[in-house]
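The values are calculated or read from the model by the stated rules, or taken from the named source; none is laboratory data. Being a predicted model, the structure only gives us computed values, none of them experimental. Using ideal geometry, Cβ is built from the backbone for each residue, glycine included, and neighbour counts are taken over all protein chains shown. The accessibility values were calculated without ligands, DNA or RNA, using every heavy atom of the protein model including side chains. Shrake-Rupley method; radii C 1.70, N 1.55, O 1.52, S 1.80 Å.
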Amino acid sequence: MHSINYNLTGTVFDIQRFSLHDGPGIRTIVFLKGCPLSCKWCSNPESQHIKPVIMYKQADCLHCGLCITACKIGAISPRNKGFINRDICTGCGECVNACPSGALVIKGRTMTIQQVVKELKKDATTYRRSGGGITLSGGEPLVQHAFAAELLKACKAQGWNTAIETTGIGTEESIETVIPYVDTVLLDIKHMDGEQHKKFTGADNESAKKNAPRICQISNTVIRIPVVPGFNFSAEAIKDIAEYAKTLMGIRIIHLLPYHSFGENKYGLLGQDYELKDIKPLRSEDLAESKKIVESLGFQCIIGG
Ligand code: SF4
Ligand code: SF4
């Protein structure tokens, strides 16, 4: 095992314990900030920007103006859409410190590898007993690839099982530094058509297609398809992805993730519009046909996961 730089810092926006859906056993999920995509259905829009972001809960605001005084660059005004001018906000957090009511919350903090590992150790016994471990998520963990790799190395040094949720979009360097330390890759494939991919996620799928074969070569990989009406909820789109998965090494399992709108309220807190507000969430039974298509191509198919 290579030496580990426990002082390396990264930007983390959440650490969630006792997860059952993001790899084997009971897991702790470390959410890293930064993503090359901005999927219209993203349930963690606060993860997309690499810098910390401020969420504003208008219902809790006392309209005292203390945050306006605290902000040295004038990013806060009742005249701004969503209260904060996010084009100039640096994420310094001074307004959050000044707010007496908790109406402002900062998402994203700088942590060292040592600090994250200390947090993860709280559940070490649970990982061992349940066959679980830690999962890196985001955002896209490959964005902070040096931090992600170092954190995974530190987890392996503890003997913990590791997993990563990724779009596979990243540089060659990010793949080669991170994936060798991952036991299970949960690889999101959203659409095989580049134009449709771009329309709904903000970027095409060229990088994902380039990296997927290499990821599958290095690590045990499970494909996950977020199934979204109006985007890829069609026999053709699901079949295209499953046929592509046939070309990748060692894929046996495909998860279909029914569209949900759990993150919708966060968009308002970030001063953004949720574009899919008219789309109804899918139930597991809505994906019965999609499941049959995936199974007909020889995969085990799990709805949810
Ligand atoms: S985080 Fe800093 S820059 Fe952004 S609104 Fe608050 S005080 Fe201003
Ligand atoms: S400091 Fe908090 S309570 Fe006061 S105006 Fe700002 S957000 Fe509202």
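Relative contact order of the stretch 53-107: what whole-number percent is it, with Cα pairs under 8 angstrom and at least 6 residues apart?
52
Could I have the simple spin-label model distance between LYS122 and LYS72, label points 7 Å from Cα toward Cβ, reported in nm to one decimal?
Between LYS122 and LYS72, the simple spin-label model gives 3.2 nm.
Just the number please: accessible area per residue for the stretch 53-107, 1.4 Å probe, all protein chains included, in Å².
Details: 3230 Å² over 55 residues.
Using a 1.4 Å probe on heavy atoms only, each residue of the stretch 53-107 averages 59 Å².
Exceeding 32 Å between C-alpha atoms, which entries from my cross-link table qualify? They are LYS72/LYS277; LYS199/LYS266; LYS239/LYS280; LYS81/LYS210; LYS121/LYS209.
Values: LYS72/LYS277 35 Å; LYS199/LYS266 21 Å; LYS239/LYS280 23 Å; LYS81/LYS210 39 Å; LYS121/LYS209 36 Å.
LYS72/LYS277; LYS81/LYS210; LYS121/LYS209, as the Cα separations exceed 32 Å there.
Quick one: compute the contact order of the chain, relative version, from alpha carbon pairs under 8 angstrom and 6+ residues apart, as a percent.
20
Please give me the summed charge of the neighbours of GLN300: other residues whose Cβ is under 11 Å from its Cβ, Lys and Arg +1, Asp and Glu -1.
Value of the local net charge: +1.
Just to confirm, what accessible area per residue do you get for the stretch 149-193 at 1.4 Å probe, in whole Å²?
29
Name the shape class, rounded, prolate or oblate, that the alpha-carbon gyration tensor gives for the stretch 1-42, where a ≥ b ≥ c are the square roots of its eigenvalues, rounded holds for a/c under 1.5, and otherwise prolate holds if a/b is larger than b/c and oblate otherwise.
It is oblate, given that a/c is not under 1.5 and a/b is not larger than b/c.
Would you work out the relative contact order for the stretch 41-197, in percent, from Cα pairs under 8 angstrom that are 6 or more residues apart? Don't jump to the answer; show the numbers that get you there.
Working: 197 pairs, mean separation 29.4, N = 157.
Once divided by the residue count of the stretch 41-197, the mean separation gives 19 percent.
What does DSSP give for the chain in terms of the percent of beta bridges that are antiparallel, rounded to the nearest 5? Please report the intermediate quantities before stating the final value.
Values: 14 of 41 bridges.
Roughly 35 percent of the DSSP beta bridges within the chain come out antiparallel.
Round to a whole number: what % of the accessible area of the stretch 53-107 belongs to carbon and sulfur, probe 1.4 Å?
Here it works out to 55 percent.
Over all directions, what mean area does the Cα convex hull of the chain project, stated in square nanometres?
Values: hull surface 65.7 nm².
If I average the Cα hull's projected area over directions, I get 16.4 nm².
Quick check: Cα centre of the stretch 265-305 to Cα centre of the stretch 73-131, how many Å?
Cα centroid to Cα centroid, the span is 28 Å.
With the Cα gyration tensor of the stretch 53-107 giving a ≥ b ≥ c as the square roots of its eigenvalues, does the rule (a/c under 1.5 for rounded; else a/b larger than b/c for prolate; else oblate) give rounded, prolate or oblate?
Judged from the Cα gyration tensor, the stretch 53-107 comes out rounded (a/c under 1.5).
Can you tell me the dipole magnitude for the stretch 53-107 around its Cα centre, using point charges on the Cβ only (Lys, Arg +1; Asp, Glu -1), in Debye to the nearest 20?
About 140 debye.
What value, in deg cm²/dmol to 500, does the helix sum -39500 (n - 2.57) over DSSP H runs of n ≥ 4 give at 222 nm once divided by the residues of the chain? Write out the running numbers ahead of the final one.
Values: 11 runs with 94 residues, N = 305.
Calculated from helices alone, the mean residue ellipticity at 222 nm is -8500 deg cm²/dmol.
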